[in-house]
Amino acid sequence: MDVPEFEDIIKQIKTNFWLIGIPFDQRGIKRRYFILIITIIITVIQESAYFVSNISAENFLELTQLAPCTCIGWLSILKIIFITFKKQNIFDLTRCLKELYDEMLSDSKKRKIVRSDFVFLKCLVKYFFIMNIIPVSIYNFSTLVFILYHYNMHSELVYSLPYAVLCPFTTDVWYSWLFEYLHSITSGFICVLYFTTVDALYYTLTFHICNQFTLLNNELQYLDKKSSHCLGEIVIKHQYILRLSEELEEIYQAINLFNVLIGSFEICALGFNLTMGQWSQIPGVLLLLLSILIQMFMNSAFGDNLIRESRKVGDAAFLCQWYDMDKMAKKFIFLLILRSNKPQKLTAYKFSAISYQSFTKTISRSWSYFTILRTLYIQPDQ
């Protein structure tokens, strides 16, 4: 399989941005953007109201079951709001990366180096949405199955909803239940749309910048005396890629902070339910916990890859034949090595770098919260 075009990789992301109401390379925000965000905000407020209205020691276990779902809703809202504020930065960064990508496609040697990487990225972006749509679809429509099953077993029609919400009206009659049910499942799909779009964009932009570092390292590593005149262009390109990675950090630093903080709370609550809840809840809790861990791990993996590739610039500079070059070329090599000692990184609003180390710290922090909850929790029958 040949290297895909830039538009082929980002096509699904652009489609999702259009659905959200933020068309690529357009200044305005469409009316559907406000309709969608108001829809999901209402649902999350209803979930939060249900949570607050049931706060008590007896309901503590039930509340920890509801908390992760509510947190995911608020997190998706925060993500899309911050992406909206940074939309022009995203469009500019995407345009710059497209220019670098098109330049790479014109060089057969560079195409060969990154071909497998970008084929993988295209598949990742394509199936990432599918893998997230399937679970929420099963969860949303399983409510109908449970209603039919209960009716067949007990000859009683009980109208239930997929999410625990506090409604301002009764849902015991079919028309009010249907209205709230359609509103709830619509909010669930909007949440997944927001979540997957923001994360897929993060993976794509980070992956492109990392591969630009990879191409730069390959070009730098095989420099010799005859090709030392290219060093000036390499230094300029290196500075340009650094600036693009700083733009990416500016876009995602707040979102990364929310991922870390809310993710720690979600893992803690789900772990508590996994050990203290009923056996019938284990499959659903495990599925949600696994999806959150995968999402946080992938964010950390792409962030760690950026750190690693930007640091390799110094190694590549040292491996070239700098000892045969003139004084000016050696100075450029020294500057490249010196700059690579401070690798580029994505942070959670400057508090911590997004990497494998931050992922393990998040798990450790969640474990600490979990042990405190287990120590303080007293079961109702005690």
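The values are calculated or read from the model by the stated rules, or taken from the named source; none is laboratory data. Please read these numbers as outputs of a predicted model, since none were measured by experiment. A quick note on method: Cβ atoms are made from the backbone with ideal geometry, for glycine too, and the neighbour counts reach across all protein chains shown.
Observations, loosely collected:
- From the options I72, I35, I42, I80, residue that is part of a helix (DSSP H, G or I), surrounded by 15 or more Cβ atoms within 10 Å (Cβ to Cβ), out of contact with any Asp or Glu (no Cβ under 6 Å at 6 or more places or on another chain) and at pLDDT 90 or above: I80
- Applying a threshold of 7 Å to beta carbon distances and a minimum spacing of six or more residues, or different chains, the list of pairs starting in segment 159-176 at a residue that is within 19 Å of G188 (Cα to Cα) and ending at one that is surrounded by 14 or more Cβ atoms within 10 Å (Cβ to Cβ) and charged (D, E, K, R) reads L161/E180; Y163/E47; A164/E47; V165/E47; C167/E180; T171/E180.
- Matching option when the condition is over 19 Å from F272 (Cβ atoms) and in a helix (DSSP H, G or I), among L61, L66, L93: L93
- Candidates are the residues of segment 325-355 that are within 23 Å of I241 (Cβ to Cβ) and charged (D, E, K, R); the one that is nearest to the chain's Cα centre (by Cα) is K345.
- Matching residues in segment 201-256 - criterion: being touching a strand residue (DSSP E or B) at 6+ places or on another chain (Cβ under 8 Å) and either surrounded by fewer than 22 Cβ atoms within 10 Å (Cβ to Cβ) or without any contact (Cβ under 8 Å) to a residue 24 or more places away in the chain (or both): E249, Q253
- Annotation note: of I20, I13, I40, I45, the sole residue that is free of Cβ contacts under 8 Å to residues at least 60 places away in the same chain and among the β-branched types (V, I, T) is I45.
- The residues in segment 318-361 that are aromatic (F, W, Y) and under 17 Å from K226 (Cβ atoms) can be counted, and the count is 3.
- Of all residue pairs spaced 6 or more apart or on separate chains, those with beta-carbon atoms under 8 Å, a first member in segment 311-338 that is in a helix (DSSP H, G or I) and a second member that is among the charged types (D, E, K, R) are V313/R339; G314/R339; W322/K330; D324/D224; D324/K225.
- Flag for S358 being within 27 Å of the chain's Cα centre (by Cα), more than 20 Å from L63 (Cβ to Cβ) and of a type in the set (S, T, N, Q): yes
- Verdict on S364 being under 30 Å from T204 (Cα atoms), modelled with pLDDT of 80 or more and crowded, with 19+ Cβ neighbours inside 10 Å: no
Residue-by-condition table, conditions (1) out of contact with any Ser or Thr (no Cβ under 9 Å at 6 or more places or on another chain); (2) not charged (D, E, K, R):
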site: E7; (1), (2): yes, no
site: F17; (1), (2): no, yes
site: I20; (1), (2): no, yes
site: Q26; (1), (2): yes, yes
site: K30; (1), (2): yes, no
site: Y33; (1), (2): no, yes
site: I42; (1), (2): no, yes
site: Q46; (1), (2): no, yes
site: I55; (1), (2): yes, yes
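- Filter pass, S355 being on the phi < 0 side of the Ramachandran plot, at pLDDT 85 or above and touching a Phe, Trp or Tyr at 6+ places or on another chain (Cβ under 7 Å): no
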